[in-house]
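The values are calculated or read from the model by the stated rules, or taken from the named source; none is laboratory data. It should be emphasised that the depicted structure is a prediction, and the values quoted were computed from it without experimental measurement. Cβ: placed from backbone, ideal geometry, glycine included. Neighbour counts: every protein chain shown.
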Amino acid sequence: MMWLSRRWQLVLMLAPALLVYTGYLVYPVFYSVFFSFSDYNGVSGAKPVGAANYVQMWHDALFWSSMRNTLVILAIAVLVLVPLAFLVAALLSGPVRGAGVLRALIFAPAIVAPILIGLIWVFILDPSVGLINALLISLGVSGPQWIGGTTLTPVSVSMVYVWQMIGFIVTIFYAGLKMLPRDVLEASELDGANRGQQLRYVTIPMLQETFGICTVLAITGVFKIFELVYVLTGGGPVHLSDVLVSYMYYITFQQQNYGYGLSMAVVICVLGAAASIGFLALRRRGGRA
């Protein structure tokens with residue numbers, strides 16, 4: 001390959017991966033966008049309807065209900081998951097007895113299938129047979145409807161999501177903490193900084209990139225939640241506990257309204273990308289300020 005320029009060598013080496021990427025990601029995206037402007041049931045030919053699916057979505061009360069539930073989970077994920085994961089990683093990076101075992105236990109939920117996590121938490125949160133309400137009833141207290149209602153369900157789903165994801169986020173923070181230069185931390189100790197001051201004025205500023213990565217992962221993960229809601233509530237009652245992806249699944253595969261469902265998929269993709277890009281832009285602007 002000496003007769004090839006270095007640029008063409010790189011192109012040839014990247015070509016197989018680019019073909020796979022195009023076939024499994026780029027093509028489905030354009031396919032979804034194309035059929036989102038049509039009336040398509042998966043069997044007969046697609047009939048172009050322009051922006052009718054998006055207009056229908058704008059007037060769909062259940063779509064906005066699922067949007068609200070998703071935003072509640074998103075807010076809790078960003079405000080609870082990321083700071084909590086950082087604190088846990090900071091504790092585990094110190095001289096803690098049995099830290100290796102604790103790291104393994106905390107990471108364990110991240111390798112369990114989401115549908116199994118949903119099944120586990122059904123037996124904990126179910127209002128009728130769940131462990132929490134059984135304990136409350138034994139104490140003479142009437143337990144609330146943790147799942148299946150319209151008030152606490154998004155909060156319960158977000159807590160299960162935090163439990164599922166915290167081990168993965170902790171691992172990223174832990175790796176970032178271990179890569180910090182020791183001389184900087186030792187210099188802060190010589191200057192009289194305690195553990196809390198080190199975290200606030202040295203560690204956190206040096207982990208800004210890690211915080212950004214973890215926050216983006218938390219945001220994009222929320223817009224992919226499906227199995228947890230599907231197992232915990234099935235979207236009930238009457239789809240009032242649905243999130244965006246579970247409602248899209250109902251429209252697309254149970255109602256077989258592929259055009260409307262794919263338009264929802266496009267909106268979810270745009271919202272996830274916009275939220276991530278918006279956060280990164282705000283973070284970059286704040287860093288420059």
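Being over 25 Å from Ala218 (Cα atoms), over 26 Å from the mean Cα position of the chain (by Cα) and surrounded by 16 or more Cβ atoms within 10 Å (Cβ to Cβ) holds for only one residue in Gly143, Gly98, Gly130, Gly196, and it is Gly143.
A Cβ distance below 6 Å, combined with a sequence gap of six or more or placement on separate chains, defines the contacts here; from the stretch 188-217, residues that are on the phi < 0 side of the Ramachandran plot reach residues that are outside any helix (DSSP H, G or I) and among the hydrophobic types (A, V, I, L, M, F, W, C) in the pairs Met206/Leu180.
Of all the residues that make up the stretch 209-263, how many are of a type in the set (Val, Ile, Thr) and touching a Pro at 6+ places or on another chain (Cβ under 9 Å)? Write out each step before concluding.
The initial filter retains those residues of the stretch 209-263 that are of a type in the set (Val, Ile, Thr), namely 210, 213, 215-216, 219-220, 222, 225, 229, 231, 233, 238, 243, 245, 251-252.
Within this subset, residues satisfying the condition of being touching a Pro at 6+ places or on another chain (Cβ under 9 Å) are 225, 231, 243.
Of the residues in the stretch 209-263, 3 are of a type in the set (Val, Ile, Thr) and touching a Pro at 6+ places or on another chain (Cβ under 9 Å).
When the residues of the stretch 65-81 are filtered to those that are of a type in the set (Gly, Ala, Ser) and farther than 16 Å from His239 by Cβ, which remaining residue is surrounded by the fewest Cβ atoms within 10 Å (Cβ to Cβ)? Reasoning before the result, please.
Within the stretch 65-81, the subset of a type in the set (Gly, Ala, Ser) is 65-66, 75, 77.
With farther than 16 Å from His239 by Cβ added as a condition, the list becomes 75, 77.
On the way: Ala75: 13, Ala77: 23.
Among residues in the stretch 65-81 that are of a type in the set (Gly, Ala, Ser) and farther than 16 Å from His239 by Cβ, the one surrounded by the fewest Cβ atoms within 10 Å (Cβ to Cβ) is Ala75.
Does Phe86 qualify as being touching a Phe, Trp or Tyr at 6+ places or on another chain (Cβ under 8 Å), surrounded by 12 or more Cβ atoms within 10 Å (Cβ to Cβ), closer than 30 Å to Asn194 by Cα and not β-branched (Val, Ile, Thr)?
Working: touching a Phe, Trp or Tyr at 6+ places or on another chain (Cβ under 8 Å): yes; surrounded by 12 or more Cβ atoms within 10 Å (Cβ to Cβ): yes; closer than 30 Å to Asn194 by Cα: yes; not β-branched (Val, Ile, Thr): yes.
Yes.
Has the stretch 162-174 got any residue that is in a loop (DSSP other than H, G, I, E, B) and surrounded by 16 or more Cβ atoms within 10 Å (Cβ to Cβ)?
Scanning the stretch 162-174 turns up no residue that is in a loop (DSSP other than H, G, I, E, B) and surrounded by 16 or more Cβ atoms within 10 Å (Cβ to Cβ).
Reported count of residues in the stretch 243-262, each being more than 15 Å from the chain's Cα centre (by Cα) and either in a helix (DSSP H, G or I) or among the charged types (D, E, K, R) (or both), is 13. Looking only at the stretch 25-60, residues that are exposed (fewer than 12 other Cβ atoms within 10 Å of the Cβ), at pLDDT 85 or above and hydroxyl-bearing (Ser, Thr, Tyr) come to 2 in all. Being on the phi < 0 side of the Ramachandran plot and surrounded by 12 or more Cβ atoms within 10 Å (Cβ to Cβ) is the requirement here; does Ala110 meet it? When the stated conditions are applied, Ala110 passes them.
Per-residue answers, yes or no, for (1) over 27 Å from Leu119 (Cα atoms); (2) of a type in the set (Asp, Glu); (3) loosely packed, with under 12 Cβ neighbours inside 10 Å:
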position	(1), (2), (3)
Val184	yes, no, no
Ala187	yes, no, no
Pro205	yes, no, yes
Ile225	no, no, no
Leu228	no, no, no
Gly235	no, no, no
Leu244	no, no, no
Gln256	no, no, no
Tyr260	yes, no, no
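Taking Thr203 as meeting all but one of (1) out of contact with any Phe, Trp or Tyr (no Cβ under 8 Å at 6 or more places or on another chain); (2) within 27 Å of Arg103 (Cα to Cα); (3) outside any helix (DSSP H, G or I), write down the number of the exception. Against the list (1) out of contact with any Phe, Trp or Tyr (no Cβ under 8 Å at 6 or more places or on another chain); (2) within 27 Å of Arg103 (Cα to Cα); (3) outside any helix (DSSP H, G or I), Thr203 comes up short only on (3).
Taking the options Ala187, Ala193, name whichever one is modelled with pLDDT under 90 and in a helix (DSSP H, G or I). Quick ask: steps written out before the conclusion?
Working: Ala193 fails: in a helix (DSSP H, G or I).
Going through Ala187, Ala193 in turn, just one is modelled with pLDDT under 90 and in a helix (DSSP H, G or I): Ala187.
Go over the candidates Ile213, Ile277 one by one and state the one that is in contact with a helix residue (DSSP H, G or I) (Cβ under 8 Å, 6 or more places away or on another chain) and more than 29 Å from Ile124 (Cβ to Cβ). Show your work before the answer.
Values: Ile277 fails: in contact with a helix residue (DSSP H, G or I) (Cβ under 8 Å, 6 or more places away or on another chain).
That would be Ile213, the only listed residue that is in contact with a helix residue (DSSP H, G or I) (Cβ under 8 Å, 6 or more places away or on another chain) and more than 29 Å from Ile124 (Cβ to Cβ).
Does at least one position in the stretch 215-236 carry a residue that is modelled with pLDDT under 85 and more than 28 Å from Met159 (Cα to Cα)?
no
Taking the options Val129, Val157, Val141, name whichever one is of a type outside the set (Gly, Ala, Ser) and assigned to a helix (DSSP H, G or I). It would help to see each step written out before you state the result.
On the way: Val129 fails: assigned to a helix (DSSP H, G or I); Val141 fails: assigned to a helix (DSSP H, G or I).
Every option except Val157 fails the conditions.
Whenever a residue of the stretch 227-242 is over 17 Å from Leu71 (Cα atoms) and part of a loop (DSSP other than H, G, I, E, B), its partners that are among the small types (Gly, Ala, Ser) and modelled with pLDDT of 85 or more, lying with C-beta atoms within less than 6 angstrom and at least six residues away or across chains, give the pairs Thr233/Ser241.
Give Ala265, Ala218, Ala275, Ala281 a once-over and let me know the one that is outside any loop (DSSP other than H, G, I, E, B) and under 21 Å from Gln164 (Cα atoms). Break it down into steps so the answer makes sense when it comes.
Numbers: Ala265 fails: under 21 Å from Gln164 (Cα atoms); Ala275 fails: under 21 Å from Gln164 (Cα atoms); Ala281 fails: under 21 Å from Gln164 (Cα atoms).
Step by step, each of Ala265, Ala218, Ala275, Ala281 is checked, and only Ala218 is outside any loop (DSSP other than H, G, I, E, B) and under 21 Å from Gln164 (Cα atoms).
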